[in-house]
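Take a look at the structure below.
The values are calculated or read from the model by the stated rules, or taken from the named source; none is laboratory data. All values reported here derive from a predicted model rather than from experimental measurement. When we count neighbours, we look across all protein chains shown, and the Cβ atoms used for this are built from the backbone with ideal geometry, even at glycine. Surface accessibility is based on the protein's heavy atoms, side chains included, excluding ligands, DNA and RNA. Shrake-Rupley method; radii C 1.70, N 1.55, O 1.52, S 1.80 Å.
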Amino acid sequence: MTGQTSLRLLDYSKMTKPDITVAIPTYHRPDLLARALRSVQLQEHENWECIVFSDHCPKAGQVYEELFKEDKRIRFTENSDTKIKNVGAVGVNYALNNARSNVITYLCDDNVLLPNHLAVLCQHLAHPDIDVVETQNYIISIGPGDGGIKEILERGFYSDMEMTHEISPYADMLRLGNNIDMNILWRTFHELEEQSLPSPYNEDGYFMEDLRKKSIGWKTVDDCTAIYYARSAVNKRDEDYHNKVLALSASDIFVYPELMEEVLS
């Protein structure tokens with residue numbers, strides 16, 4: 001199949017425990033998940049593991065089986081609870097509970113890590129007084145006229161960097177790496193609602209607030225290590241965005257052989 005990864009495969013299963021764990025919750029975005037996973041494989045720091053937590057999305061499993069299964073650093077888990085609605089919070093908590101490393105970082109399936117991300121996090125988190133590291137990232141704003149998934153992919157892997165971008169002035173999950181503290185878990189929307197907290201949609205904000213309260217040292221560095229895609233569809237919680245992805249056929253995932261070759265080689 002055109003677009004197969006040309007990754008130099010090592011027997012990662014026999015390597016020492018990973019230095020860092022990347023948590024990727026995913027929901028009905030198989031083509032963007034492939035790009036996110038490839039950005040993890042392109043990391044300069046190679047001793048990592050990646051835990052993908054999928055919310056009942058067979059095509060995400062297909063992406064893993066056909067393109068990434070041979071990389072033993074990547075583990076794929078399917079959500080088995082049909083009652084769970086918030087796969088982001090649950091997926092991160094699953095990664096926290098199942099990580100083989102002592103350090104974790106987070107990647108949404110529609111964003112990408114720049115090749116220096118894990119190296120920067122590991123460098124600073126090696127300091128005994130630092131519990132949380134926050135890097136900078138580029139924000140790519142995608143409006144209604146900028147196209148959907150296919151248009152984004154057609155622009156290539158990093159070509160959106162040529163668009164107007166700004167360094168993010170606020171913290172978000174994408175930029176964080178932290179030493180694992182199992183007393184800090186990501187609360188779901190329903191848990192926040194039950195606790196009568198304002199803005200229950202801001203689950204990541206409450207998670208970071210908990211981190212700030214419990215951490216010994218929080219370090220913000222100037223390195224840009226990720227690309228964050230901000231889309232109006234996501235901001236408005238437009239379910240039609242997900243429906244369009246869900247409507248893709250199995251062959252549509254790999255419908256751009258020359259494009260996927262660029263992304264995955």
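So, of the residues in the stretch 127-145 that are farther than 23 Å from residue 116 by Cβ, touching a helix residue (DSSP H, G or I) at 6+ places or on another chain (Cβ under 8 Å) and not β-branched (Val, Ile, Thr), which turns out to be modelled with the lowest pLDDT? For the stretch 127-145, the residue satisfying everything is 144. Scanning the stretch 168-209 for residues that are in a helix (DSSP H, G or I) and closer than 21 Å to residue 119 by Cα yields 173, 174, 175.
From the residues in the stretch 197-238 that are more than 22 Å from the chain's Cα centre (by Cα) and not hydrophobic (A, V, I, L, M, F, W, C), which one is modelled with the highest pLDDT? Within the stretch 197-238, the match that is modelled with the highest pLDDT is 217. What single numbered condition from (1) open to solvent by 10 Å² or more (accessible area, probe 1.4 Å); (2) touching a residue at least 24 places away in the same chain (Cβ under 8 Å) fails to hold for residue 112? Checking residue 112 against (1) open to solvent by 10 Å² or more (accessible area, probe 1.4 Å); (2) touching a residue at least 24 places away in the same chain (Cβ under 8 Å), the one that fails is (1). Scanning the stretch 185-224 for residues that are among the charged types (D, E, K, R) and loosely packed, with under 15 Cβ neighbours inside 10 Å yields 193, 194, 209, 212, 213, 214, 222.
For the stretch 156-196, the set of residues classified as among the β-branched types (Val, Ile, Thr), in contact with a helix residue (DSSP H, G or I) (Cβ under 8 Å, 6 or more places away or on another chain) and modelled with pLDDT under 85 consists of 188 only. Listed here are the helices (runs of 4 or more DSSP H) enclosed by the stretch 1-104 that have at least 2 residues being at pLDDT 85 or above, open to solvent by 20 Å² or more (accessible area, probe 1.4 Å) and out of contact with any Cys (no Cβ under 8 Å at 6 or more places or on another chain): 87-98. Among the residues of the stretch 115-138, those identified as open to solvent by less than 20 Å² (accessible area, probe 1.4 Å) and more than 14 Å from residue 173 (Cβ to Cβ) are 118, 120, 125.
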